Amino acid sequence: MKRWKLALLGGFYLILMSPIYSHAMHIMEGFLPPMWAAIWAILTLPFVLKGISNLNKIFKEEPNKKLLIALVGAFTFVLSALKLPSVTGSCSHPTGVGLGAILFGPSVMAVVGIIVLLFQAILLAHGGLSTLGANAFSMAVVGPLVSYIIFKVMKKNNIKSSTCVFAAAALGDLATYVTTAIQLGVAFPDPTGGMTASLVKFLSIFAVTQLPLAVGEGLLTAIVYNLLVEYKNEGGIEVENI
């Protein structure tokens, strides 16, 4: 137990000590051109609809999992609300979506993620309504999908569960920020170097600043996952990927 306490403190330290300036999520209200805001909203919609269908199925067939889904939502909300402002119209923070993607799949997290982003936009002025589609695509679609795939592939190769969870959460976090950097790059091409130069600029800046956050999120997610494993072994929950 002592080593988990040390790991938890280390995770919080990495998150809190990460650099403030980053070209990453959430993209603030009104920052994207209307055309790009609409494109990302349209691309996000099918994933959200699929997630609603899967959530309804879980609520109907396994109502005992409602509390765990609420826990996943709270975990995502708290981590992604650790807002570190940026001068580029965005901010840097953990995402918290890896845990839910591992437990319930990426489609469920599309719904949970967009709800979290909606509440943050309305209540915390974190992100925005016009950029909800873009923020949801990066954090609630791409991030969970990458986390889920990484976890499944590593588990299939008989890698230790805590290692799988750490890698899935960390890489899902990084995938979210890579996606947001791409969204900003294509919306705001460099005047001289075009879209390629803009992408290189956003990605190079994000690569340094986001890495400590990704490591911290991976540690925290692995700790929470292991606590859930202990609870399951006591007969508290029944979830496939625990």
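Consider Leu79 against the criteria (1) part of a helix (DSSP H, G or I); (2) modelled with pLDDT of 90 or more; (3) under 11 Å from the mean Cα position of the chain (by Cα): it satisfies all of them except one. Which criterion is unmet?
(2)
From the residues in the stretch 118-161 that are β-branched (Val, Ile, Thr) and within 16 Å of Ile39 (Cα to Cα), which one is surrounded by the fewest Cβ atoms within 10 Å (Cβ to Cβ)?
The residue in question is Val142.
Residue by residue, here is whether (1) farther than 20 Å from Leu82 by Cα; (2) free of Cβ contacts under 8 Å to residues at least 40 places away in the same chain; (3) over 15 Å from the mean Cα position of the chain (by Cα) holds:
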{"residue": "His126", "(1), (2), (3)": "no, no, no"}
{"residue": "Leu132", "(1), (2), (3)": "no, no, no"}
{"residue": "Leu145", "(1), (2), (3)": "yes, no, no"}
{"residue": "Lys156", "(1), (2), (3)": "yes, yes, yes"}
{"residue": "Val178", "(1), (2), (3)": "no, yes, no"}
{"residue": "Ala181", "(1), (2), (3)": "no, no, no"}
{"residue": "Leu184", "(1), (2), (3)": "yes, no, yes"}
{"residue": "Phe188", "(1), (2), (3)": "yes, yes, yes"}
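Between a first residue in the stretch 45-66 that is crowded, with 16+ Cβ neighbours inside 10 Å and a second residue that is of a type in the set (Ser, Thr, Tyr) and assigned to a helix (DSSP H, G or I), which pairs have beta carbons less than 6 Å apart while being 6 or more apart in sequence or on different chains?
Lys50/Ser107; Gly51/Ser107; Asn54/Ser107
The values are calculated or read from the model by the stated rules, or taken from the named source; none is laboratory data. Just so we're clear, the structure is a prediction, and the values are computed from it rather than from any experiment. Virtual Cβ from ideal backbone geometry, glycine too; neighbours counted across all protein chains shown.
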